[in-house]
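A short worksheet on the structure shown next.
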Amino acid sequence: MNKGFMVVFDGSNGAGKTTVINEVEKYIAQKGLDVVLTREPGGTNIGEKIRNIILDPTTPEMCDTTELMLFGAGRAQHIQEKIKPALQAGKIVISDRFDAATFSFQHYARGIDLTNIMQINDLALAGFKPDMNVILDLDPVEGLNRVMSRGEGLDRLEDEKLDFLVKARNGYLTQAKEQPERFEVIDASQSKAAVLSDVIKVIDALILKHS
Ligand code: TMP
């Protein structure tokens, strides 16, 4: 049996995570390997309820600490209920966002003190870490244009000023620079085929490492 591992797809809003994740799922399944797709905020029944609260555009009054703790609460449940059992069963877990997003959005963009971020994140993670974070990097102006062209409207975080999304993007790039062994940055402004080709190289290397 292959050893399970977890890869997170993260990055700028509108960078094409969903498309990439769906293609990666097909690619892994074609190899006969078990794959579990999940997301944050969300991933469990409780997590999806928390997601609705976090992203609700009608509650702009949510304070920063509430937001941080809601992400933490959802993450604790996600790891315990879904991620750890899947990994123990030898499955490949693919998550649409995870802990790196808290550093990017709540610390680098929101400006919450790093100590507070670490306290909540460490409590939720309890020593757990994903194996790899793939950052789909895109200029937030381009990302927002893509989100708006889908006609879905903006959620509470996408509705922040552009400067917030620029800081979040830089937060991902900073984390990637500081922890090159846990991060791969992929240029999401390339063609879909080129992005997928870069992503598959990362996935192949992970499969090889855990086989
Ligand atoms: P998305 O799933 O549509 O990308 O939306 C999730 C939003 O939540 C996105 O704007 C990033 C944000 N987010 C945080 O601010 N902190 C976190 O820890 C996570 C997981 C997501």
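Full-extension gain between Ile46 and Asp155, please, as 0.36 nm times their residue separation minus the C-alpha to C-alpha distance.
Details: separation 109, 0.36 × 109 = 39.24 nm, distance 1.93 nm.
Contour length minus the Cα-Cα distance gives 37.3 nm.
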Practice prompt. Find how many whole Å separate the alpha carbon centroid of the stretch 136-163 from the alpha carbon centroid of the stretch 35-76.
Written response: 18
Response to the item:
Each label sits 7 Å from Cα toward the beta-carbon; between Lys3 and Leu55 the label points are separated, in nm, by 3.4
Discussion item. Please report the antiparallel percentage of the DSSP beta bridges confined to the chain, to the nearest 5.
Written reply: 0
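Report the net charge of residues surrounding Gly16, where surrounding means a beta-carbon distance below 14 angstrom and charges are Lys +1, Arg +1, Asp -1, Glu -1.
On the way: positive: Lys17, Arg97, Arg146, Arg150, Lys192; negative: Asp10, Glu23, Asp96, Asp137, Asp139, Glu142, Asp187, Asp198.
Summing Lys/Arg as +1 and Asp/Glu as -1 gives -3.
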Discussion item. Ordering Lys49, Lys192, Lys167 by accessible area with a probe of 1.4 Å, largest first, what comes out?
Written reply: Lys49, Lys192, Lys167
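From the Cα gyration tensor of the stretch 94-210, with a ≥ b ≥ c the square roots of its eigenvalues, which class applies: rounded if a/c is under 1.5, or else prolate if a/b is larger than b/c, or else oblate?
It is oblate, given that a/c is not under 1.5 and a/b is not larger than b/c.
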Worksheet item: Spin-label point model (7 Å from Cα, Cβ direction): what's the Thr65 to Leu33 distance in nm?
Response: 4.3
Practice prompt. May I ask which residue of Asn52, Met62, Pro41 lies farthest towards the positive end of the charge dipole of the stretch 24-92, with charges of +1 (Lys, Arg) and -1 (Asp, Glu) on Cβ and the Cα centre as origin?
Written response: Pro41
Discussion item. For a bin width of 10 Å, list the pair-distance distribution of the chain built from all Cα-Cα distances, rounded to whole %.
Written reply: 8, 35, 39, 16, 1
Discussion item. Straight-line reach from Lys82: which lysines fall under 22 Å, measuring Cα to Cα and dropping same-chain residues less than 8 apart?
Written reply: Lys3, Lys17, Lys26, Lys49, Lys91, Lys129
Worksheet item: Which distance in nm do the two modelled labels at Met148 and Glu23 give, with both placed 7 Å along the Cα-to-Cβ direction?
Response: 2.6
Item to complete: Compute the longest continuous run of the chain that contains no exposed GluC sites (Glu not before Pro); treat a site as exposed when its DSSP state is not H, G, I, E or B and it has at most 10 other Cβ atoms within 10 Å.
Response: 62-151
Practice prompt. List, in order, the whole-Hz ³J(HN,Hα) value for each residue of the stretch 186-194 obtained from phi through the Karplus relation with A = 6.51, B = -1.76, C = 1.60 and θ = phi - 60°; use x for Gly and Pro.
Written response: 10, 6, 7, 8, 6, 5, 4, 5, 5
Worksheet item: Near Lys209, which aspartates and glutamates are there with a Cα under 19 Å away, not counting those fewer than 8 places off in the same chain?
Response: Glu25, Asp34, Asp131, Glu181, Glu184, Asp198
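The values are calculated or read from the model by the stated rules, or taken from the named source; none is laboratory data. Note that the structure is predicted; figures quoted are calculated from it, not measured. Heads up, the Cβs are rebuilt from the backbone with ideal geometry, glycines too, and the neighbour counts pull from every protein chain shown. Heavy atoms of the whole protein, side chains included, go into the accessibility calculation; ligands, DNA and RNA do not. Shrake-Rupley method; radii C 1.70, N 1.55, O 1.52, S 1.80 Å.
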